[in-house]
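Undergrad: There's a structure below that I have some questions on.
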Amino acid sequence: MKAFLIISFSLLGFSQPLFAQNEYRTSIIEYQHELNEEYKDLKESPLSPAERKAFTGHHFFPIDEKYHVIAKFEKLPVAGIYHMKTTSNSIKDYDVYGVATFILEGKEYRLNIYQSHQLRTQEKYKDHLFLPFTDQTNGADTYGGGRYIDLKIPAGNTIDLDFNRAYNPYCAYATGYACPIPPKENDLPLAVKAGVMLSK
């Protein structure tokens, strides 16, 4: 009986990390499905009618949990409006809301996180934060102009960064959009093989 209990607790301890991994993987698959559905939706998609009809889904890197990191978060005092350039040569107003510091592949990196002046006036997006970034996959495996991650204002001094949720700006699919250009300080000197890839 004692041996049975020891084995049972051992199996339980082993299954918990496995369950967490499966739960995480399921959450990313759901995110990918939702993103694909948006691009099939007439009201939300940047694709032309012919492209929507032919669209079968984005290409994604394999889900890799190492690209899901808990970063140290430092909220910054407002230091004036940050004018972010866009692909249409227009300007969009942001605050540099904070800085995320994290370890990836054994090295420390820092990324600025932004808050849109326009979006924060809307109830739906009042706690929305924006992380535009570039990395060494751009132009080869991913869109040359970089990718984005949507975040929420954290309650404490850490923030959840999940590069498996990185997505392309609309400009990767169509002209006529004013897509924010990731600032040079958000260029990661490594290949982030996670999230949305180039369309093929």
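Undergrad: If I take every Cα pair under 8 Å that is 6 or more residues apart in the range 32-166, average their sequence separation and divide by the length, what percent do I get for the relative contact order?
TA: Relative contact order here is 22 percent.
Undergrad: Okay, which of the range 159-185 sit inside 13 Å, backbone N to the point 7 Å along the Cα-Cβ direction of A79?
TA: 185
Undergrad: Which net charge results when you count Lys and Arg as +1 and Asp and Glu as -1 among the other residues whose beta-carbon is under 13 Å from that of P46?
TA: Neighbour charge sum, excluding P46 itself: -1.
Undergrad: Enter the accessible area per residue of the range 47-97 (Å², integer; probe 1.4 Å; all protein chains in place).
TA: Accessible surface, normalised per residue, equals 66 Å².
Undergrad: Okay, next question. Any chance you could get the radius of gyration and Dmax over the Cα atoms of the range 21-105, in Å?
TA: Looking at the range 21-105, its Cα Rg and Dmax stand at 18.1, 47 Å.
Undergrad: Turning to a different aspect of this structure: Between A174 and Q136, what is the spin-label point distance in nm, taking each point 7 Å from the Cα along the Cα→C-beta axis?
TA: 3.5 nm
Undergrad: Add +1 for every Lys or Arg and -1 for every Asp or Glu among the other residues with Cβ under 9 Å from the Cβ of G146, and state the total.
TA: The answer is -1.
Undergrad: Continuing with this model, one more query. Give the accessible area for I81 in Å² (nearest 10); use a 1.4 Å probe, count only protein heavy atoms, and leave out ligands, DNA and RNA.
TA: The accessible area comes out at roughly 90 Å².
Undergrad: Taking P(r) over Cα pairs in 10 Å bins from 0, in percent as the quantity of interest, determine which of (1) 8, 30, 35, 17, 6, 3, 1, 0; (2) 8, 33, 38, 18, 2, 0; (3) 9, 33, 34, 15, 7, 2, 0 was computed from the displayed structure.
TA: (1)
Undergrad: Now for a different question. Based on the Cβ-Cβ distance from S90 to Q21, what FRET efficiency comes out when R0 is 41 Å, to the nearest 0.05?
TA: Working from the Cβ atoms, E equals 0.45.
Undergrad: What residues qualify as long-range amide H neighbours of T158, i.e. H under 5 Å apart, gap of 5 or more or another chain, H built at 1.01 Å from N?
TA: Close amide H contacts, sequence-distant or interchain: F73.
Undergrad: Computing the accessible area with a 1.4 Å probe over protein heavy atoms, can you report the carbon and sulfur percentage for the range 38-171?
TA: Accessible surface attributable to carbon and sulfur in the range 38-171 totals 50 percent.
Undergrad: Find, among the chymotrypsin sites (Phe, Trp or Tyr not before Pro) in the range 97-200, those assigned to loop by DSSP (not H, G, I, E, B) with at most 15 other beta-carbon atoms within 10 angstrom.
TA: The qualifying sites are Y177.
Undergrad: How much FRET efficiency would the formula 1/(1 + (r/R0)^6) give for E123 and E30, where r is the Cβ-Cβ distance and R0 is 22 Å, rounded to 0.05?
TA: 0.35
Undergrad: Between A50 and T101, how high is the FRET efficiency from 1/(1 + (r/R0)^6) when r is the Cβ-Cβ distance and R₀ = 30 Å? Nearest 0.05.
TA: Result of the calculation: an efficiency of 0.10.
Undergrad: Direction-averaged shadow area of the convex hull around the Cα atoms of the range 121-173, nm²?
TA: Reported value for the Cα convex hull: 4.8 nm².
Undergrad: List the longest stretch of the chain that has no exposed loop site; here a site is one of the GluC sites (Glu not before Pro) assigned by DSSP to anything other than H, G, I, E or B, with at most 16 other Cβ within 10 Å.
TA: Longest stretch, sites excluded: 106-200.
Undergrad: Angle, helix 2-40 long axis vs. longest principal axis of the chain, Cα atoms, 0 to 90°, nearest 10?
TA: 20 degrees
The values are calculated or read from the model by the stated rules, or taken from the named source; none is laboratory data. Just so it is clear, the structure is predicted and the values come from calculations on it, not from any experiment. A quick note on method: Cβ atoms are made from the backbone with ideal geometry, for glycine too, and the neighbour counts reach across all protein chains shown. Ligands, DNA and RNA are excluded from the accessible area calculation, which covers all protein heavy atoms including side chains. Shrake-Rupley method; radii C 1.70, N 1.55, O 1.52, S 1.80 Å.
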